[in-house]
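S.K.: Shown below is the structure under consideration.
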Amino acid sequence: MTKASLQASSVETIYYPEDFRFYLKNEFDIRLKRRPHYSLRAFARDLEVSPSTLSDFLNSKVGLSKVRVHQLSKKLNYSPAQRDHWWDLVEAKFARDVESRKLAKVRAQARALESK
């Protein structure tokens, strides 16, 4: 292998989803495959979030604060890039300020296109 091919193969490709719920749904699915009787209530307990908040988030009824996204990202071992993308997705959906929503949406879409 050449030096260039070693460098190219060592670069990690990160998938940037377009749905803000992906990060938690994917983690829940992984845990559910390992333990078929794993419940959403148990997942909420493990994340230290109330079951109703988790359910409402997964059903697109409520967003999460930036602090909560950072806490969950750390708990789930997401990279800073994944954390920032997740926050942009949440902000694009739930931010109160229209301008903040637009900017977050542009950042998230740029990352998602880049990862494809």
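The values are calculated or read from the model by the stated rules, or taken from the named source; none is laboratory data. Computed from a prediction, not measured in an experiment: that's the story for all the values here. Please note: Cβ atoms are built from the backbone with ideal geometry, for glycine as well, and neighbour counts cover all protein chains shown. Protein only, heavy atoms only, side chains kept; ligands, DNA and RNA dropped before computing areas. Shrake-Rupley method; radii C 1.70, N 1.55, O 1.52, S 1.80 Å.
S.K.: Counting only helical runs of four or more DSSP H residues, what would the 222 nm mean residue ellipticity of the chain come to if each run contributes -39,500 (n - 2.57) and the total is spread over all its residues?
M.R.: -21000 deg cm²/dmol
S.K.: At a 1.4 Å probe, what is the % contribution of carbon and sulfur to the accessible area of the range 33-116? Walk me through the numbers before you get to the answer.
M.R.: Details: 2760 of 5500 Å².
About 50 percent, which is the carbon plus sulfur part of the accessible surface.
S.K.: How are the C-alpha pair distances of the range 48-88 spread across 10 Å bins, as whole percents from the shortest bin up?
M.R.: For the range 48-88, the pair-distance distribution reads 30, 54, 16.
S.K.: If you place +1 on the Cβ of every Lys and Arg, -1 on the Cβ of every Asp and Glu, and leave all else neutral, what size is the dipole of the chain about its Cα centre, to the nearest 20 Debye?
M.R.: 240 debye
S.K.: Sticking with this structure for a sec: Could you give the Stokes-Einstein D for the range 35-116 in µm² per second, using the C-alpha Kirkwood radius, 10 °C, 1.306 mPa s? Spell out each step's value before the answer.
M.R.: On the way: Rh = 13.7 Å.
D, rounded to a whole number, is 116 µm²/s.
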